[in-house]
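Participant: Submitted below is the structure of interest, expressed as structure tokens.
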Amino acid sequence: MNADHDQASGSFAAPSGFDVLSDVLRCVRLTGSMLFLVDARSPWMSWAPNAEAFRRVVLPRSQHLISYHIVTQGGCWAGLRDAPCERFETGDVLVVPHGDAYYLADPPGAQAAYGPDEAVAFLRSMAAGELPSIVREGGDGAERTQFICGFLGCDLRPFNPVLDALPAMIHLRTAAQSTDRMRHLIDFALCELRKPSPGGQGVLLRLVELMFVEVVRRHLETMAGAKAGWLAGLHDPLVARTLSLLHGAPARHWTLDGLAAQACSSRSVLAERFAHFVGQPPMQYLTQWRMQLATRLLAEPGLRKVAAVAEAVGYESEAAFSRAFKRCVGMAPGAWRLRNGT
């Protein structure tokens, strides 16, 4: 079959030099949930439980919640619950990609003023727009800290290679960043938070997504010397070229030989290098990515037929696609659509 149709004809295709990171972030459906500013005076502690405790009340249609925090003034201590804390200074970013419980505090031994139920109730009200965009916390100490809190949803299943590649916690220091783009986003966010105006909620939700994407880009820059991992693979010329080919034309009838020829490599070198960085063979990766694309199509309004979805992601028969989908996702395409479709 011809797999280089454009998206108007129903399949996924792209030119050479394809932006793999943008493709993944688009297809895992990043969705802004809320953005607010905390103005804290010592002693204080701000914390959140495991994201599954509040995901359904904050963004029920998303499979997963990611949180990040950007210190805009002062400093504090932060970390995952029951793990050693780290010092954060102005401009530092804390990202909790996998939904673990975490905290920010100053001093590090400060006690929380609320429990799990209160934390969930607060986040529910904030997501519903029922609370002011600036939250005051803490006591009457001289030390003052301000930080932006952002939450967004995304797909977790069947395949999110960016999320899979991120550690439990990211501490992105100001010194490790090319700060111009992030600084502009932060200034824009602070302006919207401090001076609300009509349309502001929509702006803030888009800023949640943009700021997270910029954080991922900055984290990617720090991975240049890493020896393994999907993000590190984007720095390896052969692996990056291979990922660009697969993401640029996922519906093509790829074989390992054909992929190696397009990537200007031998079959054995490509297989070894791709598995070293990505953790699985290229064809297995392609199958998982096709299933992620398929779930996106199945969830779109319009009830596209399963056969059309199968063709769009590179399967010549609905039966073959359905078997592959069930192996990867754990249920048939029609059942998945009933559970997750819009």
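The values are calculated or read from the model by the stated rules, or taken from the named source; none is laboratory data. The shown structure was predicted, so the numbers you read here are calculated from the model rather than taken from an experiment. Every residue, glycine among them, receives a Cβ derived from its backbone with ideal geometry; neighbour counts consider all protein chains shown.
Participant: Taking the condition of being in contact with a Cys (Cβ under 8 Å, 6 or more places away or on another chain), farther than 26 Å from residue 340 by Cα and of a type outside the set (Val, Ile, Thr), how many residues in segment 120-158 meet it?
Facilitator: Residues meeting the conditions: 1.
Participant: Taking segment 65-86 on its own, how many of its residues are under 23 Å from residue 190 (Cα atoms), out of contact with any Pro (no Cβ under 7 Å at 6 or more places or on another chain) and surrounded by fewer than 24 Cβ atoms within 10 Å (Cβ to Cβ)?
Facilitator: Result for segment 65-86: 8.
Participant: If you don't mind, another one. Among the numbered criteria (1) farther than 26 Å from residue 64 by Cβ; (2) in contact with a His (Cβ under 9 Å, 6 or more places away or on another chain); (3) touching a residue at least 12 places away in the same chain (Cβ under 8 Å), which single criterion is violated by residue 190?
Facilitator: So the condition that residue 190 fails would be (2).
Participant: Pairs only if they're at least six apart or on different chains, beta carbon under 6 angstrom, first in segment 203-221 and more than 14 Å from residue 193 (Cβ to Cβ), second outside any helix (DSSP H, G or I) and polar (S, T, N, Q); list them, first residue then second.
Facilitator: So the pair list comes out as 218/177.
Participant: Which one of these is closer than 22 Å to residue 204 by Cβ, in contact (Cβ under 8 Å) with a residue 60 or more places away in the chain and not in a strand (DSSP E or B): 95, 38, 57, 71?
Facilitator: Unique residue meeting the criteria: 57.
Participant: A further question on this structure: Only one residue in 267, 273 is surrounded by 14 or more Cβ atoms within 10 Å (Cβ to Cβ), farther than 23 Å from residue 156 by Cβ and without any contact (Cβ under 8 Å) to a residue 12 or more places away in the chain. Which one?
Facilitator: Answer to the check: 267.
Participant: When the residues of segment 94-109 are narrowed to those that are in contact with a Phe, Trp or Tyr (Cβ under 6 Å, 6 or more places away or on another chain) and aliphatic (A, V, I, L, M), which ends up farthest from residue 67 (Cα to Cα)?
Facilitator: Looking at the filtered set, the residue picked out is 105.
Participant: Applying the selection to segment 300-342, what residues are assigned to a helix (DSSP H, G or I) and small (Gly, Ala, Ser)?
Facilitator: Listed by number, the residues that qualify are 307, 308, 310, 312, 319, 320, 322, 324, 334, 335.
Participant: Also, quick follow-up: Within segment 232-255, is even one residue among the acidic types (Asp, Glu), buried (at least 17 other Cβ atoms within 10 Å of the Cβ) and not assigned by TED's automatic domain parsing to the domain that holds residue 66? Give the derivation first.
Facilitator: Initial filter on segment 232-255 (among the acidic types (Asp, Glu)): 236.
With the extra rule that they be buried (at least 17 other Cβ atoms within 10 Å of the Cβ), the set shrinks to 236.
In the following step, the residues that additionally are not assigned by TED's automatic domain parsing to the domain that holds residue 66 were identified as 236.
Checking segment 232-255: at least one residue is among the acidic types (Asp, Glu), buried (at least 17 other Cβ atoms within 10 Å of the Cβ) and not assigned by TED's automatic domain parsing to the domain that holds residue 66.
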